[in-house]
Structures are given as C-alpha cells and as structure tokens.
Amino acid sequence: MVSKRLPILIVAAATAFNLWALRAEVAAVQYVNDMGMHLSMVRWARGRIAGGHVPLDGWYPNLSLGSPQFHYYQTLPHVITAYASTVLDVGTAFRWSNYLLVALWPVSVYCGARLLDLPPRAAAVSAALSPLLVSVTGYGFSHDSYVFRGLGVWSQGWAMWLLPLAWGTSWRAIGRRGSPTLAAGLLAATAACHYVVGAIGFLALGAWAMACLDDVARRIGRAVVVAAGALAAMTWVIVPGVLDRQWANFAGADRPTIGYFSHSATRLLGWLARGKLLDQGRLPVITTAVAVGLLVGVIEWRRSERARALVMVWTLALLLFLGRSIPGPSAGLLPGTDDLYLRFIGGVQLASLLAAGHGLGWILPRLHHVAERLPFKTGRVGLALAAMVVVLPAYGSIAAFDRQDGAWIADQQLADAVDGTDLQSLIDEVAARGGGRIWSGSATGWGREYKIGAVPVYEELLNRDADGLGFWLRVSSLSTMVEPNFDETRRSDYDVFNVRYLIFPAERRPPVDATFLRSAGRHVLWEVPTSGYTAVVDASGVIAADRRTIGDRTLPFLRSDLPARRIFPTIDLDGGPSSPSAAAAPAEGPPGAVVSETADLENGRTRAEVSVDRAAMVVLKTTFHPRWRVTVDGVSVEPQLVAPSFVGREVPPGRHVLEFDYRSYPSYGWLLVFGALALGLLEIGPRLVHRGRAIRSSRSPRSSG
C-alpha cells in the first residue's frame, strides 16, 4: 500500500516544501521588479471592471508615456486576477495567485508527466526535482523568477503551470487517446498567458507527431488540427496586436541584449555541460539525472514511443533555446519572434525534468532490486541515505534562498511603513495639484540609488499609480525608445514630456529652475511650470521613421532649439498619418495657448479648450496610436503623429474645443465567439464524421455470400 502511495507522497512533500519555503511571498510589499508592472496592470483592469468595461483594451497611462498595453500584451492572467479581485482585494488576489502557482507547480509537473505516460514513480521524480531548478541565465521555471527580489515574471508563472498539462493533453490527443479540444484549449490558454511559453507548447506538437514512426502522417494531421484549434481559440489575443503591430515598439526588440538575442551557442552548451542551466551554484543533481534519462531514451529509442518523444522534445527545446546564436536561427522560424525576448530556457527545463524522471524511474527500481539482495536491509538504507545526501543539500540551498528573500521582504515592509509613507504624502500632494508627470531619476542614472528600501523611487511611482518617467522599457508603447531621451538638464524637455513635478532626495538640487513645494522626511517635492498634457505648437517639417527608429530619429529634434520655440515636426511612420509640413518657417512667437484642460488618461480621455492665433497643431503629450479619436468643436477628425511620439491635430485660427478619446478595438466579442466555435467544432466534428460514416455504412447494400 505504501509503495502505491509513494508517488503521491513524494509530490505532496515537494509541494509542501514549496508552500513552506515561499510563505513570505504572500506579504504585502512594494515590488522591486516587473511584479510592479503586472500589479499595476491588474489594478488598471480592476478599475475598468468597476467602470462597467471588459478590460481587454483601453489606455494604460503610467508607463512609457502611455500605451494600449492590453491591446498587445498577453493579458489573460491580469484579466482573471482583476475579476478575482472583485471578491478579494487586488493585492491579495495578485500575491496569492503568484504564491500558489509557484508552490503547486510540482502537482502540474506530475499530472503532465502522467499524461505523457510516465509511470507514477518517474512522474513523481520529475515533480520532486521541479523546485530545485536554478539557471545561470535566469528567466526559467525556478523560484528566482517569481520571488520579491527575483525577476518578477508573474504572467510566465501562469503559463509555466499550464505548460505540462498542455504538453500532456496534446500528446494524448495526437495519439488519439485524448480530447483535441482540451489540448487546444490548454495550449491556447498557455500562450494567452505568455507568448514565449506558448511557443514552447506549440513546439512539442512536432515531437509528439514524429514519435510514432508507423503513423507519422495521421499524427501530423492531428497535430495540425490541435494547433489550428489553439490558434483559433487565441485569436482574441493575437489578432488585435498583429493588426496594429506598426504602432507598437516592444521593449528591447530594437536593442541587441542578452535577453533578446540569447547567448552564444558555445557558451550555452558549455553551461549545460557544467550544470549551470539546471543546477547553478551546486552539485549537478538534475543535470546528471537528465543525462541518465537521455541515455535511457536512446537505448529505448527503437521500442519505446515515449522515449523517442522525450528525447525529441528535449532536443527541439534546446535548439529553440539556442535560437539566434546558431546558424539559420531556429527561433527565427517562429512568427513574431522579432518582437519577443527569446527566453526559451523554460522549455529546456521542463523537458529536462521529464527526461530526468524517465531516467531515474528506469534506474532506481534496478538499484532497489540490487539493494534488496544485500543482508540486513543495508542496501535499502544505503540507497535511501545516498538519495538524501544528493537531494537534501539541493533542497537546502533553495530553502536558504527563499528564507533570504523573506528577510528582504520584512526589511522592505519596514521601509514602506516609514520612508514610503513620507513619499506617499508627496505623491498625494501631486494628485491634489494635478496635471503633470513626476521625475525621480531613472534606471540609467542617479535614480538607481534613490530607493525606498530596495525599490527605486521611479518604480515606487508606478507601484503607487503615479504618472512618472524613469522605469524604462516595460511596455509596447511607441514611446518605448523615446522616453529614455528625456534629459533632466534641458528645460525644454520638461515641457515636451509634461514633467511638472520632481521628487528628489533632500541632498539633490534640481538641475533646472524649480519651485520648492514641500518636503517629507528625506524627500523633497519641486515644481517646474509646463503647458500641461496639451500644448499649442507650430507644425513644421516631417521626420521619417518606423517603430524601431523613432527614438533615434526624433532625438535631434529634442536636442535642438525647436521645442523651446514650440515648433514640432510631424512624423511619417511607414506611411502612417502625419500632418502636412509647413513650407515656410512659422511666424515668431507662440501660435496660441491652452485655455483649460481636463485630462483623464486613466480612461483614455482628455478635453482641452485652446485659443489659436494662426493655423497650429494641438498636441496631447501621450503616445500616438491610430485608435485615438479626435474631435474639433464636435467634428471628428483623424489624429496626427507629432514628434517625438505624440498624438495631435492641426486646427485653424480661433477658439476650439478638442476632445481626445482612445477607442478600444471593437471586435473582441466576435473573436471570442469565433474561438469558442472553433473549439466546439473540434469537439463535435469527429463525432459527426464518425456518425456520418456509420450511417453511410448502414445504408450500403450488403454483399451476398
């Protein structure tokens, strides 16, 4: 009986370890990594729900000068958590979702392994090893990706949990032992949570199709059906962003970085061989088990479909991870990889867990059989002690890491309670005064050292829903590469970017003339006059650019005297909408002024009354997108793209009222219905075909004997 329950006990033990080791992660704290962005998105979605909207699209204002972030990003986790927060509060729903997804991952690994036909003990081994993953590259399926002082890839955690189930159900569907509808649905959900992990899910379909050499053609056909069903089910995620791809600049996609281009193949393979991809900083426990599993898979290649599948999926995952570092880049074959960080380490790690379970599941019973022949049960005891000597230090290192993270959380809570309260009072002062962004340094300058505890103040602004600059490269805004061009020493930049407020440490003076407002603790609030979120400028000249070069092409404008003279060129972005260029230089003096302004960028709306002395451009200092709708005196007109990346509209002389209103993509409902119908057809289609064949067979004349 104990022997039959042993796999479940092993999985329960690994899960209990995670639940205990990660318990500090449910504490309320200001985040120091991308968790801050994800929590901000959930709060934004919750606000949309409270306003009676479905939060699939809208204007997200607080990063990179604003963007329709939900229009482009994989936001299924944010939407689900926002709806869950109608019962719980937002912070509780967010923190507990992260904690439970990571803590309960051994359960998903075990279930996925069993769906892939691994025996119970082999599946339990895979689950037991899952908390031990540590990679030198980061961004994998390990604790350091999700904890407070980790990388903050919260949405990846959702996809990580779904991926083993997507692999297992698609394996069974392709082998005609499971539901293609369930497989396609789980695969679509994985990709809707995280595009990169979703790509890893689709990758496995090729391995599953090729695993049975006697039925390759039919299996390829079933793999295509599952993939098509998954793509249809996730059209609501991918279609809006693909249609408007021209107007998004995905963070980092135009800057060669470690995260984007991966490392060299030589370095990655060297790290793999030395255990740094799975066991960084300790004995290569998982790496050794993977080597055993792959060896067993090669030995069993001819007679075992499962062995072939595991070896192939591990190989394909490794090739995908090598990506652009090998000739004829394998990752480049995937659609949309120009806009993704090529962080495919998760596929290697999941395939390695399965291979390790397969190998140890094969070798441990044989070692146990040998141990039973030794006298006085010394063999069993020796085998158990050997396992403990190998595994317990690995668990101990993970527990120590999580314990240190818990101590950092406690320290941050103390800083939030005192220093953070002082900062919040200044942010509340800004909210009361209204009408401007905040500058507190950036990740590329002195802002790195200006912190509340461990959290830079420029990220605290986001954590506290203030409109600020400095937390660069986080969203798919057209302004992603424009925002870092802000120069705090140039007075004109403050007006261009509507940076009206400065929150500085007491020992730092503003680099431009600014008015002292008040101080709180060690923080000081200053004000710099600006025209507000809207401005009246002359339009002169056209800058040719695309979504990747807009930052570089508009930098000379920002560094010139044109912003100070209120002369703004328009932008021809791959033939998109722009204002006609004035042939002659504009007249001297300001072309007009903003009489009044009501900015509600949280809901994608701004109203401005302007007085214009000559034909001029009215600029809203937020990121351009063609889904902005502009009305001038109640008449709808096309938005125009104005340097450096803003939305505007040319108006004639006179007094005018302009309204800027972001309109969400209108066809989400139809795309959701299409996806549901596609999954429904996938479910009932084979039954209808089978029934039709049965009817035709019953009606055919029987041959006489």
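Scanning residues 5 or more positions from PHE344 or on other chains, none has an amide H under 5 Å from its amide H, with H placed 1.01 Å from N in the peptide plane.
Per-residue Karplus couplings for region 466-474, computed as 6.51 cos²θ - 1.76 cosθ + 1.60 with θ equal to phi - 60°, are listed in order as 9, 7, x, 10, x, 8, 5, 6, 10 Hz, Gly and Pro entered as x. Average accessible surface for region 1-95: 37 Å² per residue, computed with a 1.4 Å probe over protein heavy atoms with every protein chain in place. For SER477, the residues 5 or more places off, or on other chains, whose built amide H falls under 5 Å of its own are ASN249.
A straight line joining the Cα centroids of region 35-53 and region 178-201 runs 24 Å.
Here the accessible area is traced with a 1.4 Å probe on the protein chains. For region 193-322, carbon and sulfur cover 67 percent of it.
Scaled against 2.2 N^0.38 Å for its residue count N, the alpha carbon radius of gyration of region 107-223 is 1.11.
The residues neighbouring ALA183, those whose beta-carbon lies less than 14 Å from its own, together hold a net charge of +4 under the Lys/Arg +1, Asp/Glu -1 convention.
Counting only protein heavy atoms, what percent of the accessible surface of region 36-164 is carbon or sulfur at a 1.4 Å probe?
Carbon and sulfur atoms account for 66 percent of the accessible area of region 36-164.
Going by alpha carbons, how many degrees (0 to 90, nearest 10) lie between the helix axis of 35-50 and the longest principal axis of the chain? In the chain, helix 35-50 runs at an angle near 70 degrees to the longest axis. Using alpha-carbon positions, what is the distance between the centroids of region 99-131 and region 464-540, in Å? Rounded to whole Å, the Cα centres lie 49 Å apart.
Is it possible to state the helix-based mean residue ellipticity at 222 nm for the chain, with each DSSP H run of 4+ residues giving -39500 (n - 2.57), the sum divided by total residues, to the nearest 500 deg cm²/dmol? What is it?
Taken over the chain, the calculation gives -16500 deg cm²/dmol.
Using the Cβ of TYR668 as centre and a radius below 15 Å, the other residues enclosed give a net charge of +1, where K and R count +1 and D and E count -1. Note on surface exposure: THR287, THR315, THR534 rank THR315, THR287, THR534 by accessible area, highest first, 1.4 Å probe. Quick one: net charge of PRO7's neighbours, Cβ under 15 Å, K/R +1, D/E -1? For residues surrounding PRO7, the net value is +3. Phi angles across region 505-512 convert, under the Karplus curve 6.51 cos²θ - 1.76 cosθ + 1.60 with θ = phi - 60°, into 3J(HN,Hα) values of x, 4, 7, 10, 8, x, x, 10 Hz, Gly and Pro given as x.
For region 439-455 and region 585-619, what is the centre-to-centre distance using only Cα atoms, to the nearest Å? Taking the Cα centre of each part, region 439-455 and region 585-619 sit 33 Å apart.
The residues ILE8, ILE695, sorted by heavy-atom accessible surface at 1.4 Å with ligands and nucleic acids left out, run ILE8, ILE695 from largest to smallest.
Counting only DSSP beta bridges with both residues in region 427-544, the antiparallel share comes to about 70 percent. Backbone geometry of region 599-613 corresponds, through the Karplus equation with coefficients 6.51, -1.76 and 1.60 at θ = phi - 60°, to 3J(HN,Hα) couplings of 9, 10, 5, 4, 10, x, 9, 8, 10, 9, 9, 10, 10, 10, 8 Hz, x marking Gly and Pro. For the chain, the longest principal axis of the C-alpha atoms and the axis of helix 154-174 are separated by about 40°. Please list the non-local residues whose amide H lies under 5 Å from the amide H of ARG663, H modeled 1.01 Å from N, same-chain partners needing a gap of 5 or more. Hits under the 5 Å cutoff: TRP628, ARG629.
Taken over the chain, the ratio of Cα radius of gyration to 2.2 N^0.38 Å equals 1.08. Take every pair of alpha-carbon atoms less than 8 Å apart whose residues are at least six positions apart; their mean separation over the length of the chain yields a relative contact order of 14 percent.
Computed on region 1-115, with alpha-carbon pairs under 8 angstrom and 6+ residues apart, the relative contact order is 35 percent.
Over region 424-545, accessible surface divided per residue gives 32 Å², non-protein components excluded, 1.4 Å probe. Computed packing ranks the peptides 508-517, 20-29, 644-653, 61-70 as 61-70, 644-653, 20-29, 508-517, most packed first, by mean other Cβ atoms within 10 Å. By accessible area, using a 1.4 Å probe on protein heavy atoms only, region 469-532 has 44% of its surface on carbon and sulfur. Can you bin region 468-593 into rounded, prolate or oblate? Criterion: square roots of the alpha carbon gyration tensor eigenvalues sorted a ≥ b ≥ c, rounded for a/c under 1.5, prolate for a/b above b/c, oblate for the rest. Verdict is oblate for region 468-593. Using a cutoff of 8 angstrom between alpha carbon atoms and counting only pairs six or more residues apart, the relative contact order for region 612-693 works out to 31 percent.
Once the Cα atoms are used to define both axes, helix 285-299 deviates from the longest principal axis of the chain by about 60 degrees.
The values are calculated or read from the model by the stated rules, or taken from the named source; none is laboratory data. The structure presented is a predicted model; accordingly, all values stated were derived computationally and were not measured. Ideal geometry is used to build each Cβ from the backbone, glycine not excepted, and the neighbour counts take in all protein chains shown. Remember, those area values only see protein heavy atoms, side chains included, never the ligands or the DNA or RNA. Shrake-Rupley method; radii C 1.70, N 1.55, O 1.52, S 1.80 Å.
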